[in-house]
1. For residues in the stretch 138-152 being closer than 22 Å to residue 192 by Cα and away from the ligand (no atom under 16 Å from the Cβ), which is surrounded by the fewest Cβ atoms within 10 Å (Cβ to Cβ)?
2. Name the single residue that is farthest from residue 65 (Cα to Cα) among those in the stretch 91-117 being within 13 Å of the ligand (Cβ to nearest atom) and of a type in the set (S, T, N, Q).
3. Could you tell me which of the residues 188, 155, 159 is touching a Leu at 6+ places or on another chain (Cβ under 7 Å) and among the acidic types (Asp, Glu)?
4. Which residues, counting only those in the stretch 162-179, are assigned to a loop (DSSP other than H, G, I, E, B) and over 24 Å from residue 44 (Cβ atoms)?
5. So residue 128 ticks every box in (1) over 23 Å from residue 5 (Cβ atoms); (2) more than 9 Å from the ligand (Cβ to nearest atom); (3) buried (at least 19 other Cβ atoms within 10 Å of the Cβ) but one. Which box is left unticked?
6. Would you be able to tell me the number of residues in the stretch 181-198 that are outside any loop (DSSP other than H, G, I, E, B) and of a type in the set (D, E, K, R)?
Amino acid sequence: MQDTLREALDWACSRAGWWHDSGNLHPEVLRSLADHATRLGVRVTAETGCGLSTVLLSTIAEWHTCFTVAAGNSLERVQDVAYLRHDHVNFVVGPSQLTLARHSFDRPLDFVLIDGPHGFPYPQMEYFHFYQRIRKGGLLVIDDIHIPTIRQMYDFLRDEKMWTHIEDVMTTAFFQRSEEPMFNPHGDGWETQQFNQRHFQDSASMDIYCSGWRERMPPPPGPILGANSVEAPSALIALNDARREEIARLKLENASLRSSTSWRLTAPLRALSSAVRRRR
Ligand SMILES: C[S@@+](CC[C@H](N)C(=O)[O-])C[C@H]1O[C@@H](n2cnc3c(N)ncnc32)[C@H](O)[C@@H]1O
């Protein structure tokens, strides 16, 4: 690790949790961020929101783009830090909901941190613009996966072939771009997405949308939607299939019983016993 980064990291890790008024990343997350970024030798980076991460990434990257608003005090605090390498950072000021769509990156991104606006669907919108730009082998970091709608995106990404889940540090998730081809950002293809296949309510209908999906399905990535989650998705699929088969078998048995001679011959007896039951 370079001296400039080490010094900036020590400084950042000694700041309080509310060094700026939007709440900064935890020291453990900052350390992981610095470790992964240096290990991969990242050169072109981007993030949404600003804070301690901006200072660190400016010391690591050749070129860092930071999409942030000027509301609150995070931008002014960051711009005052002696460790910030001003000549390595481009601040794109304005709501990322607008600025990201307008921005054109002239080089593929090695590293992206999503930590700007957190309401649904803003992190998802940011993901849409970033996933197209992150190179294979590059890193995607998503903060605040404890927020339910961000957790949903996290669950999706853990089951998405384009990403390998590396680790979670507290409530921050680290993913690496795999060698899989990029999901077409201008088409559709929901039925090819593993998460949709695995969780489709009627798994038999899923066969119509995408035949052979079961054979290609890897084991589930782990519990979904936090501690309250239900059985593992593959177990649910198997359970639904078994239930459906059992219902079909019982219906068939019932139909053949009703059409049998013994059922017809015993009809008067059944009528008599139900009349007796009614009288009681
Ligand atoms: C949780 S903080 C980021 C913390 C930072 N990563 C750190 O290490 O200190 C969220 C940041 O997002 C910025 N932000 C909030 N709404 C935004 C928006 N619509 N577009 C861009 N940035 C936004 C805030 O001003 C703040 O800088």
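Nothing in this text is a laboratory measurement; each read-out follows from the coordinates by a stated rule. Remember, it's a predicted structure, so these values are computed and weren't measured experimentally. Heads up, the Cβs are rebuilt from the backbone with ideal geometry, glycines too, and the neighbour counts pull from every protein chain shown.
1. 152
2. For the stretch 91-117, the residue satisfying everything is 97.
3. Selected residue: 155, the only one of 188, 155, 159 that is touching a Leu at 6+ places or on another chain (Cβ under 7 Å) and among the acidic types (Asp, Glu).
4. Step one: list which residues in the stretch 162-179 are assigned to a loop (DSSP other than H, G, I, E, B), which gives 162, 170-171, 178-179.
Listed by number, the residues that qualify are 170, 171.
5. With respect to (1) over 23 Å from residue 5 (Cβ atoms); (2) more than 9 Å from the ligand (Cβ to nearest atom); (3) buried (at least 19 other Cβ atoms within 10 Å of the Cβ), residue 128 is out only on (3).
6. Going through the stretch 181-198 one residue at a time, the tally reaches 2.
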